[in-house]
Amino acid sequence: MMKNAKRTLAVILGLSFLGMGIASAMDPMVEKATLERIKPVGTVNTGGAVVIASGSRSGKEIVEATCAGCHASGALGAPKIGVKADWKGRGSLAAMTKSAAKGKGAMPPKGGDSSLSNKELKDAIAYMTK
């Protein structure tokens, strides 16, 4: 008899808790509180991002962003920016642009910036060689 009483009590308690769960799930205040507790703690704001279209950067901007890493110091034998003697014997602007587009020595194609247009690459080389 004691065994049945415990079983009955367990069933009653179980149904009570289940009933409380169902009631609280239907309560808009409980749902609102739950959503508030599980909301994200942060957000990412990209509203101020600026996208620069290919072809719209100046030679100076490209050199500062892409080329100066090697060409400012002459790293790995790169001709230095503004040092005419370093650029002498490398051919015409068109020839250097064609060579830079394919990559030369340790320099990857387009200096590692595959988004550069041929005009941007030419403008960057013209800026470095003046």
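One residue is enough: does region 82-96 have a residue meeting the conditions at positive phi, assigned to a helix (DSSP H, G or I) and modelled with pLDDT under 95? No, that holds for no residue.
Does G91 qualify as being more than 18 Å from E64 (Cβ to Cβ), of a type outside the set (A, V, I, L, M, F, W, C) and out of contact with any Ser or Thr (no Cβ under 8 Å at 6 or more places or on another chain)? Considered against the rule, which asks whether it is more than 18 Å from E64 (Cβ to Cβ), of a type outside the set (A, V, I, L, M, F, W, C) and out of contact with any Ser or Thr (no Cβ under 8 Å at 6 or more places or on another chain), G91 comes out as no.
Restricting attention to region 28-63, the residues that are open to solvent by 50 Å² or more (accessible area, probe 1.4 Å), closer than 30 Å to M128 by Cα and at pLDDT below 85 total 7. On inspection, A25 qualifies as modelled with pLDDT under 90 and assigned to a helix (DSSP H, G or I).
Selection of region 69-109 for residues being over 15 Å from A126 (Cβ atoms) and open to solvent by less than 50 Å² (accessible area, probe 1.4 Å) yields G74, A75, A78, G103.
The values are calculated or read from the model by the stated rules, or taken from the named source; none is laboratory data. Just so it is clear, the model here is predicted, and its values are computed rather than measured. Every residue, glycine as well, gets a Cβ built from its backbone with ideal geometry; the counts of neighbours run over all protein chains shown. With ligands, DNA and RNA removed, areas are computed over all heavy atoms of the protein, side chains included. Shrake-Rupley method; radii C 1.70, N 1.55, O 1.52, S 1.80 Å.
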